[in-house]
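Please read the structure below before turning to the comments.
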Amino acid sequence: MRRRGESGQASVELVVLAPLLVVVAFAAAQLLAAGAAAELADHAAEAGAVALLQDRDAAAAAREAVPDWSRKRMSVRVVGRRVRVRLRPVSPLPGLAGLFEARGEADAGPLKPR
């Protein structure tokens, strides 16, 4: 037997919890995207350093090492034998991508005499 006033309790709880569940889902997705961006930035920097060792274009190699969707979100900087990559993850809110920007860095080692 139901008490008076409890008939809409589940509906009220759902209305209150639904936005919270959406926020939690977005936060989890953002953290996963940030983790993926960190892995991609490290991988791209290492690919650029390997290209330097092979006397190839480090920036081009770094860009080729990541999926197409992430290339427009990355910047590559080569200073001497060091390759630095910055990558902004995909974000449901554009302002958040900058907060979770990933950085990768790799060094090709000292220049060897020929």
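Label-to-label distance for residue 25 and residue 39 is 2.3 nm, based on points extended 7 Å past Cα in the beta-carbon direction.
For the chain, the residue among 19, 45, 78 whose Cα projects farthest onto the positive side of the dipole built from Cβ charges is 78. Mean separation of Cα pairs under 8 Å and 6 or more residues apart, divided by the residue count, gives segment 11-107 a relative contact order of 31 percent.
Using a Gaussian network for the chain with springs between C-alpha atoms less than 10 Å apart, which of these wobbles most: 49, 97, 27? The residue with the greatest mean-square fluctuation here is 27. Rounded to the nearest 500, the 222 nm mean residue ellipticity of the chain from helices alone is -18000 deg cm²/dmol, with -39,500 (n - 2.57) taken per DSSP H run of at least 4 residues.
A convex hull fitted around the alpha carbon atoms of the chain yields 115 Å³ per residue.
Fully extending the segment from residue 53 to residue 16 would add 7.6 nm, taking 0.36 nm per residue of separation and subtracting the current Cα-Cα distance. Once you reduce segment 14-69 and segment 72-90 to the center of their Cα atoms, the two points are 12 Å from each other.
Of the GluC sites (Glu not before Pro) in segment 1-82, the ones in a loop by DSSP (not H, G, I, E or B) with at most 11 other beta carbons within 10 Å are 6. Net charge dipole, the chain: roughly 240 debye, given to the nearest 20, about the Cα centre with Cβ charges of +1 for Lys and Arg and -1 for Asp and Glu.
Relative to the longest principal axis of the Cα atoms of the chain, the long axis of helix 9-53 makes an angle of roughly 10 degrees.
Read-outs: derived from the displayed coordinates by stated rules, not from any lab. Not measured: the values here are computed from a predicted model. All Cβ positions, glycine included, derive from the backbone under ideal geometry; neighbour counts span all protein chains shown.
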